[in-house]
Amino acid sequence: SMVSGSNELVDGVIFIAPGITLAESMWYGLRTKNIRKIMEKNGITPIHLKNQWDNLAPGKYVQGLKNKQVKIILSQGDIIIPYLFGKEFANAVKEFIPNTIIEENKYLGHYGTILNFCFLSRDIGFSEN
């Protein structure tokens, strides 16, 4: 969202299994438990990390997407980047850009959602302009 929001050449963006902040996605995600343990041993808390990584948060750049077509694909079964963080991001985008397309699946999880889009999607879901 940081790059696409500031690039005039980008007119549409698809987010697949996103999170609202990199810090929360890393801290609570399934595949990053060892990184979290190291950070905890060094006295780093989720709040501290969120503040330190604020400039990396996709949710911070939602307003830059204003004149773009946006599609967000989520999985309710995602535990790699917990679903609630993706849903929070989708809600933030939808609030600012009402015509945002949001698709959800119940069972594919993080990797399955990405692979489904990469290999089985024939239509990206944007209207032709």
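The values are calculated or read from the model by the stated rules, or taken from the named source; none is laboratory data. Remember, it's a predicted structure, so these values are computed and weren't measured experimentally. Note: ideal-geometry Cβ built from the backbone for every residue, glycine included; neighbour counts use all protein chains shown. All accessible areas refer to the heavy atoms of the entire protein, side chains included, with ligands and DNA or RNA removed. Shrake-Rupley method; radii C 1.70, N 1.55, O 1.52, S 1.80 Å.
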### Peptides 1-8, 74-81 ordered by average Cβ neighbours within 10 Å, highest first
74-81, 1-8
### Task
For Lys71, list the aspartates and glutamates whose Cα falls under 20 Å from its own Cα; do not include residues on the same chain fewer than 8 positions away.
Glu8, Asp11, Glu88, Glu95, Glu103, Glu104, Asp123, Glu128
## Note on the structure
Phi angles of region 10-16, converted by Karplus (6.51 cos²θ - 1.76 cosθ + 1.60, θ = phi - 60°) into ³J(HN,Hα) in whole Hz with x for Gly and Pro, give 8, 10, x, 9, 10, 9, 10
### Cα gyration tensor, the chain - rounded (a/c under 1.5), prolate or oblate
oblate
### Query
Using the Cβ atoms and a cut-off under 15 Å, what net charge is assigned to the surroundings of Val93, where Lys and Arg are +1 and Asp and Glu are -1?
+2
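From the mean inverse distance of alpha carbon pairs (Kirkwood) and the Cα radius of gyration, derive Rg over Rh for region 1-56.
On the way: Rg = 14.2 Å, Rh = 12.9 Å.
Radius of gyration over Kirkwood radius for region 1-56 works out to 1.10.
Around Gln76, with a cut-off of 12 angstrom between Cβ atoms, what is the net charge of the other residues, counting Lys and Arg +1 and Asp and Glu -1? Display every interim value, and only then the final one.
Numbers: positive: Lys87, Lys106; negative: Asp78, Glu103, Glu104.
Once positives and negatives cancel, what remains is -1.
Can you send over the carbon and sulfur percentage of the accessible area for region 1-57, probe radius 1.4 Å, protein chains only? Walk me through the intermediate numbers first.
On the way: 2010 of 3690 Å².
Summing carbon and sulfur atoms, their accessible area is 54 percent of the total for region 1-57.
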### Message
If amide hydrogens are placed 1.01 Å from N in the peptide plane, which non-local residues have theirs closer than 5 Å to the one on Gly12?
### Response
Gln69
### Task
Using only alpha carbon pairs under 8 Å that are at least six residues apart, calculate the relative contact order of region 45-129 and give it in whole percent.
33 percent
### Message
Cross-link candidates for Lys66: which lysines have Cα within less than 27 Å, leaving aside residues fewer than 8 places away along the same chain?
### Response
Lys50, Lys87, Lys94
### Message
At 1.4 Å probe radius, can you tell me the per residue accessible area of the chain in Å²?
### Response
63 Å²
